[in-house]
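No value in this document is a laboratory result; all are computed from the given coordinates. Since this is a predicted model, take the numbers as computed values, not measurements. Ideal geometry is used to build each Cβ from the backbone, glycine not excepted, and the neighbour counts take in all protein chains shown.
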Amino acid sequence: MAKKKTWLEKLNEKKYPKIKRIEFDFADIPAGSNMFIATPKLIDQYIKEIRFGKRKDTKTLRKDLALEHNADYTCPVTTGIFLRIVAEANYEKWQQGKALEEITPFWRVIEPNSALAKKLTFGQDFLLKQIDKENE
């Protein structure tokens, strides 16, 4: 039986972004659109560029990534999965002793009351605490 990967291992997996032509309506993406499928590393890098005290929602993240990669949309499903990987992996780094300034500030994108926040292994309190610190 294979050993379960850590969140950090999932973040650092060799994955490549791709653009896929959608043949049928999918989530908020109409048929015939070019859909960008990011990677956990791309989402991690995007979040690192959000300045202290600023926040962006996942809709903006998806729109920005699609524009940057010449696509019409970014996949909402993989974006959610990869965003969780980014959050969990960076929380692992923090638990291992990295300073908050050394980890990706995922709380700048994840809404504390979102379905994603409720799935996080460390709960919503960490998100709320970090958001409050940046709003002081």
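Under the Kirkwood approximation for Rh and a Cα-based Rg, what ratio Rg/Rh is obtained for segment 1-73?
The Rg/Rh ratio comes out at 1.05.
Going 7 Å from the Cα of residue 115 in the Cα-to-Cβ direction, what parts of segment 80-107 have a backbone nitrogen less than 12 Å from that spot? Label zone hits: 80-81.
Using a simple spin-label model with pseudo-atoms 7 Å out from Cα toward Cβ, residue 100 and residue 34 lie 4.0 nm apart.
The phi-based Karplus calculation (6.51 cos²θ - 1.76 cosθ + 1.60; θ = phi - 60°) puts the 3J(HN,Hα) values of segment 103-120 at 10, 5, x, 4, 5, 7, 10, 7, 6, x, 9, 6, 4, 4, 4, 6, 8, 4 Hz, whole numbers, x for Gly and Pro.
Measuring r between the beta carbons of residue 69 and residue 125 and using R0 = 30 Å, the FRET efficiency lands at 0.30.
Once the Cα-Cα distance is subtracted from the 0.36 nm per residue extended length, the residue 14 to residue 49 segment shows a gain of 10.5 nm. Charged neighbours of residue 111, selected by a Cβ distance under 12 Å, balance to +4 (K, R count +1; D, E count -1). Per the Debye formula on identical point scatterers at the alpha carbon atoms of segment 28-136, with no solvent, log10 I(q)/I(0) at q = 0.09, 0.12, 0.20 Å⁻¹ is -0.23, -0.40, -1.04.
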